[in-house]
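Note sheet for the following structure.
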Amino acid sequence: MIVAGDQQLLKQINRMALVRQLCSEPGLSRAALAEAVGLTKSTVSLLVRELLDEGWLTESELRVTGALGRRATPLQLDGDRLALLGADMGIGMARIVATNLLGEVLAEQELPYLDPADTAGCIALVAQGLGELATGPALAGRTVRGIGVGLHGVVDDATGVLHYAPHLGWRNVDVASQLRSQFAGSALAELPLFIQNEANVAALAELEFSGQIGADPLIYLSIGHGVGAGIIVNGRLLTGLYGFAGEVGHTILQQGGPACSCGRRGCADALIGLQALMDEVYGRPQPSTPEQLEQLFTEAEAGEPRAARAVEAAGRNLGVLLNNLWVAFDPMCIVIGGAALRLGERFIGPGRGVLHDCASATLLPAPTIRTPHFGDNAIAIGGAAMARHYLMRPFVGQDTARRSHDKLGGEVPSALAAGFWAWS
Ligand SMILES: [Zn+2]
């Protein structure tokens, strides 16, 4: 039996099917749109009218088609009336952006944390910054549709809880609830809010905002102090049973290799991550400071022998990881992002070389390897991309809600999450 709620959801699914179709094929007429998505022309006309009124779509009268000169009005996403907010809650500071529906940045801001250990203070700072962006002059006349936040740790996207952020030292922080209570009474209070791990969010930026020919399957490999990945398959983020998919930093590349913080040996984290590189070059135990990281970048660039050797070895291990990701997911493209990009070709070159050798040996074409499209704001823009992604896929939200109950019938096992990922 169909109830009213289902009909509303069905309508929203149909509306967003039209919007998604126009993302990949801008300029379609109503008739072409109806044919592409399999809805009747009258339904499409009705839904398009709503979407035009609400600011999702725009039309122009410029194109004339057909033998008899009938006019078919091209439709496309409207970049001028709606806005999305994104935040990157980074290690020493947050970055926030507002974009239009096409991912063009309308406003951006850096928000240094007063005290990174003060979780509530950092979250309040971001909430306040987002509120100011939403009501600021750059968004005048626009309606904000959603908010996405990228976090540098293990996140359960179904609950918005950050289980552990190793480089912030935050554990079991209910980021979604804290943001919601900060938004209470403001223009942001009722907006959809999405929370995800930073690599996943950056992957969504590449999927949503890279133009109509976005690569899929796509892997965004984030290499900073540690290693993680966001994996897009069939237009969806692969999140796994509990939202922990893509933690490729703990795939083992070298049996019996160096000890990893997780307890295993030879993980990608322990062979490729910047923390492992600093440990290798400067000896353990070393505090992880921005100054030491700068020293590593400087010495690697200058070709200082110890740093250069370590970076090249890490690059070759990167190649092994790239091969393994290629074999596991057969991606069209692997995007390498994160702070380790500053190591440049001394790091990426050997990785590409190993991947090339694997491709030659198997006579198969390797996936494209490239850098991200969005620079320093990749994660904040990814937050906005995530909001667009889920707003345009209302059925995916249903999935996520269902996943909050595990197969044994209970709540998502936060104890399991906390315990399993305590080492992350
Ligand atoms: Zn590990």
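Every number here is computed from the coordinates shown, using simple stated rules; none is lab data. A quick note: this is a predicted structure, and the numbers were derived from the prediction, not measured. Every residue, glycine among them, receives a Cβ derived from its backbone with ideal geometry; neighbour counts consider all protein chains shown.
Using the 10 angstrom Cβ neighbour count as an exposure proxy, how do Met386, Met278 rank, fewest first?
The most exposed by this proxy come first: Met278, Met386.
So between Ala120 and Ala339, what do we pick up on full extension, going 0.36 nm a residue minus the alpha carbon distance?
76.2 nm
Report the full-extension gain for the segment Gln254 to Glu50: residue separation times 0.36 nm, less the Cα-Cα distance, to one decimal in nm.
Roughly 67.8 nm would be gained on extension.
Relative contact order for the chain: what percent, with Cα pairs under 8 Å and sequence separation of 6 or more? Mind showing how you got there, number by number?
Working: 806 pairs, mean separation 72.0, N = 424.
17 percent.
With springs only between Cα atoms under 10 Å, which of Pro217, Pro290, Pro166 fluctuates most in a Gaussian network model of the chain?
Among Pro217, Pro290, Pro166, the largest mean-square fluctuation in the Gaussian network model of the chain belongs to Pro290.
Sort out the exposed loop GluC sites (Glu not before Pro) in the chain (DSSP loop, at most 12 other Cβ within 10 Å) and tell me the longest stretch that has none.
On the way: sites that count: Glu61, Glu104, Glu190.
The answer is 191-424.
Quick check on the exposure proxy: order Ser181, Ser60 from fewest to most C-beta atoms within 10 angstrom.
With the fewest neighbours first, Ser181, Ser60 line up as Ser60, Ser181.
At 0.36 nm per residue, and after removing the present C-alpha to C-alpha distance, how many nm does the segment from Leu363 to Arg265 gain when stretched out fully?
Stretched fully, the Leu363-Arg265 segment lengthens by 32.1 nm.
For helix 378-391, report the angle its Cα long axis makes with the longest principal axis of the Cα atoms of the chain; keep it between 0 and 90° and round to the nearest 10°.
40
If I take every Cα pair under 8 Å that is 6 or more residues apart in the range 212-372, average their sequence separation and divide by the length, what percent do I get for the relative contact order?
24
Using only Cα atoms, tell me the angle between helix 394-403 and the longest principal axis of the chain; keep it within 0 to 90° and round to the nearest 10.
On a 0 to 90 degree scale, this one is about 50.
What's the long-distance tail for the chain, i.e. % of Cα pairs beyond 32 Å?
The answer is 40 percent, as a whole percent.
Give the separation of the Cα centroids, the range 253-276 to the range 155-200, in Å.
29
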